[in-house]
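Scroll down for the structure; my scribbles are underneath it.
Where a number appears in this text, it was derived from the coordinates with a stated rule and is not lab data. Quick caveat, the model's predicted, so the values are computed rather than measured. Here the Cβ positions follow ideal geometry from the backbone for every residue, glycine too, while neighbour counts run over all protein chains shown.
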Amino acid sequence: MNTLNYYFILFFLLSNSLFAQKDCGTTNHGFIPLPDLVNQNYRGYSGGLYPNGTNQKPGSHFNDLQLQVNSLTTLDSSGMVSAQGKLVMIGVGASNPRTEFNRLIMYADTFKQINPSLKLLNTCIGGQGIQKINTINDNYWNSAYQSLKDSGLSYKQVQLAWVEIDNTANPDTSFPSAPNGLVSEYQALFEVLLIKFPNLKICYLSARAYSGFAMPTQGGVGKGLLYPRDYLSGWANKFFIENEINGQPGFIYKGANRTIPMVTWGSYHWSDGGTPRLDGIALECDSDVGGDGLHLTEKGEWKIGLQMFDFFRNDALAKQWFLKSNQSNGIISSQRAENLLVFPNPLQDETLHLKENLIELGTNYTLIIRDISGKLVYERTTMKEEEIQVPIQSFTKGIYSIQLFTQALNLQSRFVVQ
């Protein structure tokens, strides 16, 4: 063997010993996945995905989420309502989320019942922890905007986001301080998301998959990605959504004072390694996880992607925008301007009047008006009156889109202020 080959083989063996981090013996730590922790506690905190130890959305959260789903529609590149527009959902996160969201896209592309107006766009970038992208000027957002542009889309068409992320540099694994710290970083991230995507309505937050197969070695997986931060990230999701449900300051997602989009649970990916959850899902070290113990193999990517796909097509509210519309559950209603009479139009320094014959008197409805840039300029939720009146004296000259919707209807029109 010549000297060059000898040193090459020696370098290869040393590199593998230094960076090979997967340990398939480190599984079954005894932590219980949040969905399996119904009516049980973990260190004094109730389990389940939602408050009071349940996996069911509380009534107020469900109702508000239904209103947000009802407000979704197709938008053109300027953010205006358009029957030829798109409903865009972006994926936000780092390397594992990128491969997971790609698999979701592949599942959706082969499923005939997907909403044809829906466009899924992956903006995830490897190595991008939340500590980087929760600042408004981070280059992550320039890349996201460019991805949209390259796909013939606009940031004003983004109304949905899927998020899975952690702080890659934070080694804190104490409870509850670690998940509470991530909650604060989530808050900053969602504020940035709403600024970057002003028409964003709903964010689906997923829990990370198990990372306990990854060993802490020099030059390996970031400290913030190691076990048990993977488990605690799910608790951060739970705490964030509970703060939102309880209307805590900084977690307001509706009305004129909102600072974040509405955040709810997406799919929950964590299992105690290869120990199956109650639904049978587990992450197998040998087949689902790559050599570093963190990144997924192709089989693992398909496994997580299928969980995401099953969530969006089966969740009672998500499927209303994810699947093709029909008479009982569709966000893209065929009942548009012809059923919503707006007058006078155009108007000047007057009161806008609306009439329609589809909503029964006494039914709760939401009225939303946006300017030509897509900015929300008027919103109210109340009961149906005989004739709806909107004072527009404070409106500047221009074209406005108007939506009037209930749980069953989504009526749309436009008007001009001269």
Quiz item: Given [x] 1.28; [y] 1.45; [z] 1.09 as candidate values of Cα Rg over 2.2 N^0.38 Å, which corresponds to the one derived from the coordinates?
Solution: [z]
Exercise. Could you state the angle between the C-alpha long axis of helix 3-19 and the longest principal axis of the C-alpha atoms of the chain, as a value from 0 to 90 degrees rounded to the nearest 10?
Key: 60 degrees
Practice problem: For region 220-333, just say rounded, prolate or oblate: build the C-alpha gyration tensor, square-root its eigenvalues into a ≥ b ≥ c, call rounded for a/c under 1.5, and beyond that prolate if a/b exceeds b/c, oblate if not. | Solution: oblate
Self-check item: Residue of TYR210, TYR107, TYR186 that the Gaussian network model of the chain assigns the largest fluctuation, springs spanning Cα pairs under 10 Å
Solution: TYR107
Self-check item: By average C-beta atoms within 10 angstrom, highest first, the peptides 235-247, 32-44
Solution: 235-247, 32-44
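Show me the three semi-axes of the equivalent ellipsoid for region 244-297, from the C-alpha gyration tensor (sqrt of 5 times each eigenvalue), largest first, rounded to whole Å.
Values: eigenvalues 275, 38, 13 Å².
In descending order, the three semi-axes are 37, 14, 8 Å.
Taking R0 as 45 Å, what's the FRET efficiency between ASP172 and ASP150 from their Cβ-Cβ distance, rounded to 0.05?
Working: r = 37 Å, r/R0 = 0.83.
E between ASP172 and ASP150, to the nearest 0.05, is 0.75.
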Quiz item: Quick one: Cα centre-to-centre distance for region 210-247 and region 388-407, in angstrom?
Solution: 43 Å
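What is region 18-98 by shape, rounded, prolate or oblate, if you read a ≥ b ≥ c off the alpha carbon gyration tensor as root eigenvalues and call it rounded for a/c under 1.5, prolate for a/b larger than b/c, and oblate otherwise?
Values: a/c = 4.99, a/b = 1.45, b/c = 3.43.
Oblate, since a/c reaches 1.5 and b/c is not below a/b.
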Quiz prompt | Acute angle (nearest 10 degrees) that the helix 177-196 long axis makes with the longest principal axis of the chain, alpha-carbon atoms | solution = 40 degrees
Self-check item: FRET efficiency for GLN348 and LYS112, using Cβ-Cβ distance with R0 set to 45 Å, rounded to 0.05
Solution: 0.40
Quiz prompt | Whole-angstrom gap from region 267-281 to region 70-104, using each part's C-alpha centre | solution = 28 Å
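Out of all DSSP beta bridges in region 34-322, what portion is antiparallel? Express it as a percent rounded to 5. Show your work: numbers first, answer last.
Details: 7 of 27 bridges.
The antiparallel proportion sits near 25 percent.
Quick one: if the Förster radius is 41 Å, what FRET efficiency do THR259 and HIS29 give, using the C-beta to C-beta distance and rounding to 0.05? Before the final figure, lay out each step's value.
Working: r = 37 Å, r/R0 = 0.90.
After rounding to 0.05, the efficiency reads 0.65.
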Practice problem: Could you tell me which of rounded, prolate or oblate describes region 72-125, using a ≥ b ≥ c as the square roots of the eigenvalues of the alpha-carbon gyration tensor, with rounded for a/c under 1.5 and, failing that, prolate when a/b is larger than b/c and oblate otherwise? | Solution: oblate
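Where does the chain land at 222 nm, in deg cm²/dmol rounded to the nearest 500, when only DSSP H runs of n ≥ 4 count, each adding -39500 (n - 2.57), divided by all residues? Let's see the in-between values first.
On the way: 10 runs with 123 residues, N = 418.
Calculated from helices alone, the mean residue ellipticity at 222 nm is -9000 deg cm²/dmol.
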Exercise. In a Gaussian network model over the chain where Cα atoms closer than 10 Å are linked, find which of ASN180, ASN134, ASN63 has the largest mean-square fluctuation.
Key: ASN63
Quiz item: How many nm is it between the label spots at ASP76 and SER287, if each spot is 7 Å from the Cα in line with the beta carbon?
Solution: 5.1 nm
Quiz item: Can you give the angle from 0 to 90° between the axis of helix 139-150 and the longest principal axis of the chain, with both taken from C-alpha atoms, to the nearest 10?
Solution: 60 degrees
